[in-house]
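The values are calculated or read from the model by the stated rules, or taken from the named source; none is laboratory data. Everything quoted here is computed from the prediction, not taken from an experiment. Using ideal geometry, Cβ is built from the backbone for each residue, glycine included, and neighbour counts are taken over all protein chains shown. Surface areas here come from the heavy atoms of the whole protein model, side chains and all, with no ligands, DNA or RNA. Shrake-Rupley method; radii C 1.70, N 1.55, O 1.52, S 1.80 Å.
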Amino acid sequence: MNHHFLILTIPTAIAVMTMILSPAQAQNQAETEQGFQHMHTDMKATFLIFLSMEDEYCLGTLIHKQWILTAAHCYLPFIEMNIASNEEFFYSDMGELKFLLSVQHPNFSRDSAEHDLMLIKLETPVELNKQLTLAVLPTATDGKTGENCTVSGWGWTWRTPFTSPDIQVEQKVLWFSEKYCQKPPTRQIPVEVTGNMFCAGVSLDTMQSCTEITAAPILCRNQLQGILSWSEGCVLKGDVGYYTKISRYTDWILRVIHTH
Ligand SMILES: *[C@@H]1O[C@H](CO)[C@@H](O)[C@H](O)[C@H]1NC(C)=O
Ligand SMILES: *[C@@H]1O[C@H](CO)[C@@H](O)[C@H](O)[C@H]1NC(C)=O
């Protein structure tokens, strides 16, 4: 097996509405609730930022008082940036954040999922507190197969376009091996997974439907190991997500932060 076709397409819709279903699944799907159930978990991510475009969102992850990490496939310009408060209310009363500049990874291109990272600098540093903390960049380099991780994000309890996302979800997932990611059972054609990416989920053979915000961060042992690049199904419900491997980019990230 040396022919892994490149079939990655960067989702053009930013709030990804995932509906890749077989006829049988589609039948079931029509009968089931498609949104997220409200649930109670103690752990809630406190480093998420909403990046709003017209009627779409991307998640950003706060990694420094003045810097947000997100996916390069998120479209600029952002109209608004807000702290994704984990309180009941969507908008934080800490006010809107002001955008100063953005730096895409220089080797990112729209026809590949490789190097799907972008840094955003805020005009002024944010004030950290219990509700707003920094995600920690990874120290280790590689080899996390089998690790327990958590992907954090926001979704919609109902499919209600043009309203704000209304639920924060923490999904426990497993870091899958590269081999497993390349040949998921739900696919006819192998997926190209390079050393700069990894995939994680609960299972590779289900595909659920939901509306969730893209560029969700994944943490393993409390370190930010990935930013969601693309997925099949719904990562916040445990479907497989393909992540940019942050440990491969920490040098670039730190260099950008120190030179801008
Ligand atoms: C981009 O790719 C070139 C050629 O492979 C490489 O030399 C360079 O280091 C890459 N840039 C970054 C920031 O990784
Ligand atoms: C992940 O969690 C499962 C279930 O809690 C546990 O059995 C397993 O050992 C954990 N894996 C690692 C690498 O810590």
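Can you tell me how many residues within the range 97-151 are away from ligand 2 (no atom under 16 Å from the Cβ), of a type in the set (S, T, N, Q) and in a loop (DSSP other than H, G, I, E, B)? So the count comes out to 9.
Which of the strands (runs of 3 or more DSSP E) contained wholly in the range 155-260 include at least 3 residues that are away from ligand 2 (no atom under 16 Å from the Cβ) and open to solvent by less than 20 Å² (accessible area, probe 1.4 Å)? Before you say what the answer is, go through the steps one by one.
Values: elements: 167-175, 197-201, 210-213, 217-220, 223-231, 241-245.
Those strands (runs of 3 or more DSSP E) span 167-175, 210-213, 223-231, 241-245.
Looking at the structure I just gave you, is Thr145 at pLDDT below 95, farther than 30 Å from Leu76 by Cα and within 16 Å of ligand 1 (Cβ to nearest atom)? Here the answer is no, as Thr145 does not meet what is asked. Looking only at residues of the range 88-121 that are modelled with pLDDT of 95 or more and more than 16 Å from ligand 1 (Cβ to nearest atom), we find that the one that is farthest from Phe50 (Cα to Cα) is Lys121.
Taking residues in the range 59-77 that are touching a residue at least 40 places away in the same chain (Cβ under 8 Å) and within 20 Å of Trp156 (Cβ to Cβ), and partners anywhere that are open to solvent by less than 10 Å² (accessible area, probe 1.4 Å) and charged (D, E, K, R), the pairs with Cβ atoms closer than 7 Å and at least 6 places apart or on different chains are Ala71/Asp116. Against the list (1) open to solvent by 40 Å² or more (accessible area, probe 1.4 Å); (2) touching a Pro at 6+ places or on another chain (Cβ under 9 Å); (3) modelled with pLDDT of 95 or more, the condition Ser152 fails is (1).
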